[in-house]
Amino acid sequence: MSNPLLEIKNLKTSFRIGEEYYAAVDDVSLTVNENEVLAIVGESGSGKSALAFSVMGLHNRAKIEGEILFKGNDIANLPPKKLNKIRGKELSMIFQDPLTALNPLMEVGRQIDEVLFLHNSKLPKAKRKEYIVELLERVEIPRPEHVYNQFPHELSGGMRQRVIIAIAIANQPELLIADEPTTALDVTIQAQILDLIRELKNDLNSGVILITHDLGVVAEMADRVAVMYAGQIVEVADVDMLFNNPQHPYTRSLLSSIPLLEDEQDRLHVIHGIVPSLKNLPREGCRFSARMPWIDDDVHEEHPELHEISPGHFVRCTCYKHFYFPEENKEDQSHDITQS
Amino acid sequence: MWKFTVRRLLISAPQILLLSIIIFWLAKQMPGDALTGLIDPNISAERKEEMREQLGLNNPWYIQYKDWLAGAVQGDFGESFRYKMDVSELVWQRIVNTFWLSLVSVFFIYAIGLPLGIISGRYNDKLIDQLITGYTYIGFATPIFIFGLVSLWVFGFMLGWFPTGGSVEPGLEPGTLEYILSKLQHLLLPSLAIALIGTVGTVQYLRSEIIDTKQKDFILTARAKGAPERRVYNKHIFRNSILPIAAFFGYEIVNLINGTIFIEQIFAYPGMGNLFIESILQRDFSVVTALVLITGVGAIVGALLSDIILSIVDPRIRIK
Ligand SMILES: Nc1ncnc2c1ncn2[C@@H]1O[C@H](COP(=O)(O)OP(=O)(O)OP(=O)(O)O)[C@@H](O)[C@H]1O
Ligand SMILES: [Mg+2]
């Protein structure tokens with residue numbers, strides 16, 4: 001079997017707060033293959049962006065341990081000079097907030113041109129402009145010739161996100177990281193942008209890491225899903241497996257907190273509490289245990305590990321075997337929540 | 001952009017009008033009037049009344065204001081009773097001197113402030129930034145007249161590197177190279193004194209703008225494109241940080257007026273500020289009034305200039 005496109009091994013990303021380092025991403029291992037969408041879900045503060053930024057080398061003061069193998073080469077802690085050869089070319093990123101991700105003082109066309117120029121300075125300017133107009137068409141921006149000379153503030157949020165996508169795909173990247181690409185947009189635009197990302201992925205045969213906390217987006221887009229909690233992966237599975245047979249208490253809580261219209265909604269569970277702040281993350285034992293106090297303490301592992309419970313389906317900590325929602329009876333707890 | 005400029009001009013006009021009314025009113029409150037300096041104090045009361053009538057001093061205030069304004073617009077501010085010459089002529093010589101002093105000061109303010117601010121913002125929290133920030137604190141804490149006095153004493157009197165007064169060596173032919181060099185030599189020390197103190201605001205402002213811009217999302221976009229650090233700074237961070245500084249340029253004029261008043265006095269430099277203080281002390285009010293009006297208009301025009309510059313460099317304003 002060939003190497004996966006991206007293989008993250010035991011990644012640990014720590015930030016310095018005061019005198020000490022605190023890990024926002026803790027022992028994460030993941031793979032992404034060509035033409036595959038890996039979704040990363042988790043609440044705010046679970047370390048999704050910290051993970052993405054580590055891959056892109058965008059942290060300026062973080063300590064990064066472990067390996068990030070991109071096409072077999074370790075790019076963790078790569079010197080900027082080498083990193084800049086692949087960033088924007090083979091590896092690119094779409095950011096969350098299209099309103100702030102573009103330089104307000106530069107015409108849209110020039111901002112796209114920059115990424116072409118940086119990686120392909122031999123291409124004459126006229127050719128680049130031609131290609132940029134094509135790109136703008138490709139991301140379905142009307143009147144591309146006109147938009148080329150516009151400034152970001154003259155475009156709507158959806159249009160700006162399309163420009164950012166155009167920048168990201170300009171050099172036909174092999175891996176595209178999209179960090180909540182639609183969170184800042186309204187619902188109809190969201191769907192269009194997601195369609196666009198999917199199409200582009202198919203065209204380019206790229207791998208995609210899609211970060212989101214919207215499970216609807218996951219269901220629609222992802223091939224595989226990794227669920228993150230407090231800096232760790234708690235469950236990884238194919239998308240169908242994850243939705244049909246979620247195992248980790250956190251995954252189950254996330255899924256059951258989606259209101260289902262046709263349901264009576266009596267299964268709507270709300271997980272209380274929030275992801276603790278970086279300094280206060282529990283570093284020992286099962287990190288989710290504090291948010292399910294009704295579960296016996298001794299069902300957790302001392303050092304929770306990822307267990308492969310079926311091929312390609314990993315769950316952290318043994319507590320999943322004993323989890324039930326407080327509204328349910330301990331006796332009739334069942335694992336296979338079937339989503340009717 | 002034209003729309004914006006015209007609108008901005010329309011706002012400035014009433015500002016200037018209001019300013020002129022206030023100054024006229026203040027001038028009226030000052031002891032004595034245009035007559036006091038002109039006539040023999042022993043003249044008879046009837047003759048005096050006649051002359052008041054002739055000069056329009058018995059007219060209602062708005063007529064007087066109108067006459068005064070009409071004169072001011074044409075550059076007629078009356079006569080200085082101390083110098084016995086037209087105020088406009090007297091002021092003009094001084095304005096030219098102050099203009100040169102200000103111009104050279106502005107040059108130094110930016111020549112010193114921009115590099116220091118950029119270095120300090122780029123390497124914030126490094127030793128070099130701490131040194132520069134230290135300098136700005138000292139600059140803020142040091143009154144300009146004390147700094148001016150000390151530098152005059154050290155570089156003018158002790159070391160003798162610079163002349164200690166005047167604006168040019170007497171006896172040189174205007175227009176010759178020697179004349180110009182002598183002017184520059186007289187300007188150097190006072191303008192450096194103004195700039196070294198006056199630039200600290202620019203340094204700190206630019207520093208904090210750069211630190212702020214560094215963390216903006218579009219800088220991440222630039223890095224994610226694979227732009228090398230130098231390009232990220234030159235193309236993205238600096239341009240966005242210098243914008244507010246460009247906008248401040250006009251307000252710098254106001255700053256300079258304050259600076260020059262003290263510095264001209266200390267360096268016995270025959271400029272507006274120097275004339276202003278002399279005239280107050282000598283109660284030469286027609287000169288004071290003219291200077292206040294000119295300074296006020298200068299401040300308003302400075303603000304206007306700031307806004308227009310900003311509208312040129314910032315597309316977000318340029319379009320609207
Ligand atoms: N540069 C940094 N310095 C210090 N702490 C950081 C830094 N970046 C992130 N953190 C902390 O790391 C943790 C994870 O943050 P991260 O932004 O990765 O979360 P996220 O999962 O992307 O959340 P969201 O859904 O809100 O984007 C948070 O506690 C955050 O405060
Ligand atoms: Mg995030």
Of the listed residues (B:V96, B:V104), the one being surrounded by fewer than 18 Cβ atoms within 10 Å (Cβ to Cβ) and assigned to a helix (DSSP H, G or I) is B:V96
Name the one entry in B:L206, B:L188, B:L196 that is touching a residue at least 12 places away in the same chain (Cβ under 8 Å) and surrounded by fewer than 17 Cβ atoms within 10 Å (Cβ to Cβ). B:L188
Of the conditions (1) within 22 Å of the chain's Cα centre (by Cα); (2) at pLDDT 75 or above; (3) within 24 Å of A:A50 (Cα to Cα); (4) surrounded by 12 or more Cβ atoms within 10 Å (Cβ to Cβ), the single one that A:S277 does not satisfy is (4)
Residue satisfying all of: in the stretch A:14-25; surrounded by fewer than 23 Cβ atoms within 10 Å (Cβ to Cβ) and assigned to a strand (DSSP E or B); farthest from ligand 1 (Cβ to nearest atom) among these: A:E20
Could you list, in sequence order, the residues of the stretch A:207-251 that are closer than 20 Å to A:V315 by Cβ and in contact with a Pro (Cβ under 9 Å, 6 or more places away or on another chain)? A:V227, A:A230, A:Q232, A:V234, A:E235, A:A237
Per the list (1) at pLDDT below 90; (2) within 16 Å of ligand 1 (Cβ to nearest atom); (3) more than 14 Å from every other protein chain (Cβ to nearest Cβ), residue check on A:T183 breaks on (3)
Out of curiosity, is B:A224 without any contact (Cβ under 8 Å) to a residue 40 or more places away in the chain, of a type in the set (G, A, S) and touching a Ser or Thr at 6+ places or on another chain (Cβ under 9 Å)? yes
May I ask you to list the residues in the stretch A:41-69 that are without any contact (Cβ under 8 Å) to a residue 60 or more places away in the chain, within 16 Å of ligand 2 (Cβ to nearest atom) and at the interface with chain B (Cβ under 10 Å from one of its Cβ atoms)? A:F53, A:L58
Residues to consider are A:L11, A:L38; find the one that is surrounded by 21 or more Cβ atoms within 10 Å (Cβ to Cβ), in contact with a Lys or Arg (Cβ under 6 Å, 6 or more places away or on another chain) and under 29 Å from A:R252 (Cα atoms). A:L38
Check B:Q215, B:Q204 and return the single one that is within 14 Å of chain A (Cβ to nearest Cβ), of a type in the set (S, T, N, Q) and closer than 17 Å to B:I118 by Cβ. B:Q215
Which condition number in (1) more than 30 Å from A:H119 (Cα to Cα); (2) assigned to a strand (DSSP E or B) is the one that A:A178 fails? (1)
Show me the helices (runs of 4 or more DSSP H) entirely contained within the stretch A:43-153 in which 2 or more residues are more than 16 Å from ligand 1 (Cβ to nearest atom). A:80-86, A:108-119, A:125-138, A:144-148
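This table checks each residue for (1) at pLDDT 95 or above; (2) in contact with a strand residue (DSSP E or B) (Cβ under 8 Å, 6 or more places away or on another chain); (3) among the charged types (D, E, K, R); (4) within 23 Å of A:E220 (Cβ to Cβ).
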| residue | (1), (2), (3), (4) |
| --- | --- |
| A:A23 | no, yes, no, no |
| A:S29 | no, yes, no, no |
| A:V37 | yes, yes, no, yes |
| A:S54 | yes, yes, no, no |
| A:N73 | no, no, no, no |
| A:K82 | no, no, yes, no |
| A:L91 | yes, yes, no, no |
For residues in the stretch A:125-182 being among the polar types (S, T, N, Q) and under 15 Å from B:A224 (Cβ atoms), which is farthest from ligand 2 (Cβ to nearest atom)? A:N171
In the list A:D97, A:D74, which residue meets the criterion of being exposed (fewer than 15 other Cβ atoms within 10 Å of the Cβ), within 23 Å of the chain's Cα centre (by Cα) and either under 18 Å from A:L155 (Cα atoms) or of a type outside the set (K, R) (or both)? A:D74
Going by the conditions given, is A:E90 crowded, with 16+ Cβ neighbours inside 10 Å and within 29 Å of A:R162 (Cβ to Cβ)? yes
Going by the conditions given, is A:I164 of a type in the set (V, I, T), within 14 Å of another protein chain (Cβ to nearest Cβ) and away from ligand 1 (no atom under 16 Å from the Cβ)? yes
Need a quick list: helices (runs of 4 or more DSSP H) entirely within the stretch A:200-261 having at least 2 residues that are within 16 Å of ligand 1 (Cβ to nearest atom). A:215-221, A:249-256
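The values are calculated or read from the model by the stated rules, or taken from the named source; none is laboratory data. Just so you know, these numbers come straight off a predicted model, no measurement behind them. Don't worry about glycine lacking a Cβ; one is built from the backbone with ideal geometry, like all the others, and counts go over all protein chains shown.
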